[in-house]
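> Can you read through this structure? Questions will come right after.
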Amino acid sequence: MNRVDQCFADLKAAGKKALIPYITGGDPKPNLTVELMHTLVESGADIIELGVPFSDPMADGPTIQLACERALAHNTSLKDILGMVKEFRETNTKTPVVLMGYLNPVEVMGYETFANLAKASGLDGVLVVDMPPEESQELAGYLKENDLKMIFLMAPTTPDARAKTICEHGSGYLYYVSVKGVTGSAALDVADVKANLDRIREKTDLPLGVGFGIKDGQTAAAVAKVSDAVIVGSALVRCIEENENAPEVIKQKLSSLMKEMREAMDA
Amino acid sequence: MSIDNTNVDLKAVTELPTETGHFGPYGGRFVSETLMAALDDLTELYERLSKDPAFQAEYDKDLAHYVGRPSPLYFAERLTEKAGGAKIYLKREDLNHTGAHKVNNTIGQALLAKYTGKPKVIAETGAGQHGVATATVAARLGLQCTVFMGKTDVERQKLNVYRMRLLGAEVVPVTSGTATLKDAMNEAMRHWVTNVDDTFYIIGTAAGPHPYPKLVRDFQSIIGRETKRQSMELEGRLPDAVVACVGGGSNAIGMFYPFIEDEAVAMYGVEAGGHGLDGDDHAAPLCKGKPGVLHGNRTYLMEDENGQIMGTHSVSAGLDYPGVGPEHAYLKDIGRVNYVAATDDEALEAFHTLTEIEGIMPALESSHAVAYGMKLAAGMDKDQIVVINLSGRGDKDIHTVASLDGIEI
């Protein structure tokens, strides 16, 4: 079984919700990423979303834009990121890892090469922010051949007919974007999120993750009540930004924010 | 991703894009999910209105009475003499209200915005011409206008920045990335995704997610349609070649599209050669780039081996862009249009030449077309005809040219 499916099955059996942290690979420097991934797992991560830095992160707010710039200052490439996944797998064979990023690095590597290399590296799924289902057929085919999940975004602006299409094309889980905006946006409205998730749940059995606007234990717990997974990115990336040159402090800060959210979600 | 360019059915080419916005492998719609519904709505609205005679009549009326169309097709006698070959005509888009071709499109998109009922418009701009054209139509229709402009461009196009502010627009300097046109477009997209309910995004070039490349082309095609008619009136035949500069490619596609089926008319798109195509300091993705995905469409890009978008260089802010409209990518692959480049120096020389011998000061963007057009004409017979699209006037560039000439104004 794909690690993502296994993870959600285990959580369901335990009556728990998934906590999914996002960090950008190569931020603040490439040789720290694998350590940070382990830190995230030790402090409560169920799945890791690993960002592939891109020069033009159109859907991201300032926090993740800067993370991309820090990673790109070290020329962190998609190939490097897959290398990090491989290294992570040497000591962790259980925690699913999903790549999140923009299409162009994948496009330039070539879909087939990417899917094969991703599988060989121990990756479990892919979320391409700027690739809606309509444009994804070819890539989806190669991912499927390699038992890699293709995760799609769903937004408050997504009409019912599109939502149905997305549910049919997606696998692993669906990522519901809680607010209209870029990553790191303002606070989300839990009642509004719940209403939209109820609407989506009528169309699919896939687990529903919620991201954008989750920044602490309180928001994580509130979202965990109405969803299957809580996705947190900018709040963690900010811990890296603020302590760029102090790896130990980064680990402490990531760990304490993760634990705060984990405890609040499990309470 | 190779295209068979033998026996291309040119009529079929004019029927592109497909319903999903594709020109062969190019174009499409590569944006995050939040924008998909807005793009679907816009596609539907445009499909409906483009067939609505009342909408067309309103657009045509604005072009005639507000923009001042048709723009002249002017025989540049002394430029012709200087080049020493084919007759050179200039399509005078520089004489449009606001001084460039950009207004043909902003008038059209602002009308669309009016039909959506959204009270706010946003735009990205490089040289500031599209920003000015957007601010202008926003002022006229009473729409709130925000223009995103790279900080580098804000500095080198001060005159246009002040023009936009006089017109009531807010100009937001963008500091991320390379602080030029591509970053302005990123920021405009980010703003749009956050404010999609009450904001209409007026994209200035024939790029971006479907339906933008199509609707910008359709609005700009007035350039080529007039040129055909005027050439018949003045010369009794179509030109042998048409030439236009290509950044994102809106003035070029406007000139080229109506000529696609006229196989005898050669077409040349002139990219920004910067310091030369041998190095990396240029903005010529069709000449030197590779296909990729940026800003909502698949097209030729200036990118590195890892798929990161490269910084570009051009003396003209309006051509300083690492991508290009997807229809140009397709026209290149099928071999219908020749894509070439003119360097900064060649463009500057053309700027001075046209100013000195014809009394017409071209925009630095358009100067690239003038430079190549003269070279092309020189190698042609005297009874042949070349039309150069003079997409904008050069007033906005006086500071840039002066400082390159070592003069402080």
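> When all alpha-carbon pairs of the range B:20-112 are counted, what percent fall beyond 15 Å?
Beyond 15 Å sits 72 percent of the P(r) for the range B:20-112.
> What is the projected area of the convex hull of the Cα atoms of the range B:27-185, averaged over all directions, in nm²?
Working: hull surface 49.0 nm².
About 12.3 nm², averaged over all directions.
> In terms of the Cα gyration tensor, with a ≥ b ≥ c the square roots of its eigenvalues, is the range B:307-409 rounded because a/c is under 1.5, prolate because a/b exceeds b/c, or oblate?
In terms of gyration-tensor shape, oblate.
> A further question follows. Per residue of the range B:117-126, in order, report the coupling 6.51 cos²θ - 1.76 cosθ + 1.60 (Karplus, θ = phi - 60°) as ³J(HN,Hα) in whole Hz, putting x for Gly and Pro.
Going residue by residue, I get x, 6, x, 10, 10, 10, 8, 9, 8, x Hz, with x marking Gly and Pro.
> Keeping all protein chains in the complex and leaving out DNA, RNA and ligands, what accessible area do you get for B:Val8 with a 1.4 Å probe, in Å² to the nearest 10?
Near enough 50 Å² of accessible area.
> Across 10 Å bins from the origin, how do the percents of Cα pairs in the range A:217-257 run, short distances first?
28, 43, 23, 6
> Still on this model: Using the heavy atoms of the protein chains alone and a 1.4 angstrom probe, what is the accessible area of the range A:1-123 per residue in square angstrom?
On the way: 4320 Å² over 123 residues.
Result: 35 Å² of accessible area for each residue.
> Can you list the residues of the range B:19-47 that have at least 10 square angstrom less accessible area with all protein chains present than in their chain by itself, probe 1.4 Å?
So the qualifying set is B:His22, B:Arg29, B:Phe30, B:Val31, B:Ser32, B:Glu33, B:Thr34, B:Met36, B:Ala37, B:Asp40.
> Ranked highest first by the average count of other Cβ atoms within 10 Å around their residues, in what order do A:139-147, B:247-255, B:137-145, B:399-407 fall?
Per-residue mean Cβ counts within 10 Å order the peptides as B:247-255, B:137-145, A:139-147, B:399-407.
> Over the range A:3-266, what is the mean sequence separation of C-alpha contacts under 8 Å (at least six apart), divided by residue count, expressed as relative contact order in percent?
22
> Using the alpha carbons of the range B:162-244, what is the convex hull volume per residue in cubic angstrom, as a whole number?
Here the figure is 167 Å³ per residue.
> Whole-Å semi-axes of the range B:222-277's equivalent ellipsoid, largest first, each the root of 5 times a Cα gyration tensor eigenvalue?
Details: eigenvalues 110, 26, 18 Å².
Equivalent ellipsoid semi-axes, largest first: 23, 11, 9 Å.
> From the alpha carbon gyration tensor of the protein assembly as shown, can you work out the equivalent ellipsoid semi-axes (sqrt of 5 times each eigenvalue) and give them in Å, largest to smallest?
Working from the Cα gyration tensor, I get semi-axes of 47, 24, 23 Å.
> Mean residue ellipticity at 222 nm from the helices of chain A, using -39,500 (n - 2.57) per DSSP H segment of n ≥ 4 over the full residue count, to the nearest 500 deg cm²/dmol?
-15500 deg cm²/dmol
> Along the principal axes of its C-alpha atoms, what lengths does the range A:123-170 span, in descending order and rounded to whole Å?
31, 15, 15
> Suppose the Debye formula is applied to equal point scatterers at every Cα of chain A; what is log10 I(q)/I(0) at q = 0.07, 0.15, 0.17 Å⁻¹?
Calculated log10 I(q)/I(0) at the listed q: -0.21, -1.08, -1.46.
> Return the lysines within reach of B:Lys11: Cα separation strictly under 22 angstrom, same-chain partners fewer than 8 residues apart disregarded; answer none if there are no such residues.
Result set, ordered by chain and number: B:Lys51, B:Lys214, B:Lys228, B:Lys332.
> Right, next: Apply the a/c threshold of 1.5 to the C-alpha gyration tensor of the range B:93-197 and tell me whether it is rounded, prolate or oblate.
Oblate, since a/c reaches 1.5 and b/c is not below a/b.
> Moving on. So how far, in whole Å, is the C-alpha centre of the range A:74-135 from the one of the range B:356-409?
Taking the Cα centre of each part, the range A:74-135 and the range B:356-409 sit 47 Å apart.
> Could you tell me what percent of the DSSP beta bridges with both partners in the protein assembly as shown are antiparallel, to the nearest 5?
Here the share of antiparallel DSSP bridges comes out near 20 percent.
> Using helices alone, I'd like the mean residue ellipticity at 222 nm for chain B: each DSSP H run of four-plus residues gives -39500 (n - 2.57), total over residue count, nearest 500.
Values: 17 runs with 175 residues, N = 409.
Taking each H run of at least 4 residues, the total per residue is -12500 deg cm²/dmol.
> Compute from the Cα atoms of chain B the Rg and the Dmax, the latter being the longest Cα-Cα distance, and quote both in angstrom.
Taking only Cα atoms of chain B, I get Rg and Dmax of 19.4, 56 Å.
> Quick one: Karplus J couplings for the range B:251-258, per residue in order, coefficients 6.51, -1.76, 1.60, θ = phi - 60°, nearest Hz, x for Gly and Pro?
Karplus-based 3J(HN,Hα) across the range B:251-258 equals 6, 5, 5, x, 6, 6, 3, x Hz.
> Where Rh denotes the Kirkwood radius from the mean inverse Cα pair distance, what is Rg over Rh for the range A:86-223? Walk me through the numbers on the way to the answer.
Values: Rg = 15.7 Å, Rh = 16.0 Å.
When Rh is taken as the Kirkwood radius, the ratio is 0.98.
> State, in square angstrom and to the nearest 100, the accessible area buried between chains B and A, both chains counted, probe radius 1.4 Å. The partial results should precede the final answer.
Values: alone 15540 and 11540 Å², together 24240 Å².
Summing both chains' loss of accessible area gives about 2800 Å².
> Take peptide A:104-113, look around each residue's Cβ out to 10 angstrom, count Cβ atoms belonging to other protein chains, and average those counts.
5
> Counting partner chain Cβ atoms within 10 Å of every residue's Cβ in B:303-315, what's the average?
The mean count of partner-chain Cβ atoms within 10 Å per residue comes to 5.
The values are calculated or read from the model by the stated rules, or taken from the named source; none is laboratory data. A quick note: this is a predicted structure, and the numbers were derived from the prediction, not measured. Heads up, the Cβs are rebuilt from the backbone with ideal geometry, glycines too, and the neighbour counts pull from every protein chain shown. When the accessible area is computed, the model is the full protein with side chains, heavy atoms only, and any ligands, DNA or RNA have been set aside. Shrake-Rupley method; radii C 1.70, N 1.55, O 1.52, S 1.80 Å.
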